[in-house]
Amino acid sequence: MIPIPVIVATIVVLYVLSSIKILREYERGVIFRLGRLLPYAKGPGIILVFAPVDRMVRISLRQEALEVKPQDIITRDNVTLKVNAVIFLRVIDPRQAVVEVSDYLNQTSQFAQTTLRSVLGEAELDELLAHREKINMRLQSILDTHTAPWGVKVVNVEVKQVDLPESMLRAMAKQAEAEREKRSKIIHAEGEFSAAQRLVDAAHLLAEEPISIQLRYLQTLTEIGVEKNTTLVFPVPVDIFSRITKTSEKSEARAPVPAKL
């Protein structure tokens, strides 16, 4: 028969061994002793939890990503969207995360859904698409204010995806096409203006040095002759036609007018 002291010693050893808990580096143990919260969270490493006097709740201090379900939103300019987001958060105070809220992840998700609808409902579509970083910062600030009493820090909020209606996508495509056509016409007009300006400058320069026109004639003939064609080009100054016209007008003016009978 096993002596009673041995049995008692075995039970005590087994109880002590079962009371040993090992917490990882990123874990903390929130201890309730006889229902009362201890002043400090324990861990990491080896800790003792004497059941049933003590009850431990493990809390992870790692950053977690919480995805917000897609929400139907009407923007300020009456555009219907479906938007979802992702929240990055971590526990700062394990004791408050256990005592102040039953499930901080679910609670944060619910707050994020309502906040997402209210904030994006105050913005226009162009602002949502062009200034998303500003909206993300506002969402993060509002959620962090709500979760701070729970010992939870919202690190960042990102609007993940914005689903536009098919009709709005077609309208935006037409607008982008019209904008590109507008830019093309403006660039073409600016090119024509620059070319005309350069031609005016060249004309002034040629007018100051008439001999340069002859040099341009010779250069043109050289370029034509390189291609080995049989076409003979004889450059005629444009001024010669005006001179011929003036001469013919003067001769007609000097001709005698026939007398009327």
Quiz item: Over the C-alpha atoms of the range 1-138, what are the Rg and the largest Cα-to-Cα span, Dmax, in Å?
Solution: 23.9, 87
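So which of 21/160; 134/174; 82/153; 69/134; 69/182; 160/185 end up more than 30 Å apart by C-alpha? Please report the intermediate quantities before stating the final value.
Details: 21/160 40 Å; 134/174 27 Å; 82/153 27 Å; 69/134 21 Å; 69/182 40 Å; 160/185 36 Å.
Check vs 30 Å cut-off fails for 21/160; 69/182; 160/185.
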Quiz prompt | Anisotropy class of the range 40-103 from Cα gyration tensor, a/c 1.5 cut | solution = prolate
Quiz item: Quick one: Karplus J couplings for the range 89-99, per residue in order, coefficients 6.51, -1.76, 1.60, θ = phi - 60°, nearest Hz, x for Gly and Pro?
Solution: 9, 8, 8, 9, 10, x, 5, 5, 5, 8, 7
Quiz item: Any idea how far apart residue 179 and residue 6 come out in nm if each label point goes 7 Å out from Cα toward Cβ?
Solution: 8.8
Quiz item: What is the Cα centroid distance between the range 12-76 and the range 196-212, reported in whole angstrom?
Solution: 87
Self-check item: Label-point separation, residue 148 to residue 60 (7 Å along Cα→Cβ), nm
Solution: 2.7
Self-check item: Under the Karplus curve 6.51 cos²θ - 1.76 cosθ + 1.60, θ = phi - 60°, whole-Hz ³J(HN,Hα) for the range 33-43, x wherever Gly or Pro sits
Solution: 9, 6, x, 9, 6, 6, x, 10, 7, 9, x
Quiz prompt | Overall form of the range 4-60 per C-alpha gyration tensor (a/c, 1.5; a/b vs b/c) | solution = oblate
Quiz item: For the range 146-210, which trypsin sites (Lys or Arg not before Pro) are in a loop by DSSP, counting at most 12 other Cβ atoms within 10 Å?
Solution: none
Exercise. Quick one: which residues, 5 or more positions from residue 92 or on another chain, have an amide H under 5 Å from its amide H? H modelled 1.01 Å from N in the peptide plane, none for Pro or chain starts.
Key: 152, 153
Quiz prompt | Mean separation of Cα contacts under 8 Å, 6 or more apart, over the residue count of the range 4-60: relative contact order % | solution = 37
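None of the figures in this text is laboratory data; all of them are computed from the coordinates on show. Remember, it's a predicted structure, so these values are computed and weren't measured experimentally. Positions of Cβ are generated from backbone atoms using ideal geometry, with glycine treated the same way; all protein chains shown enter the neighbour counts.
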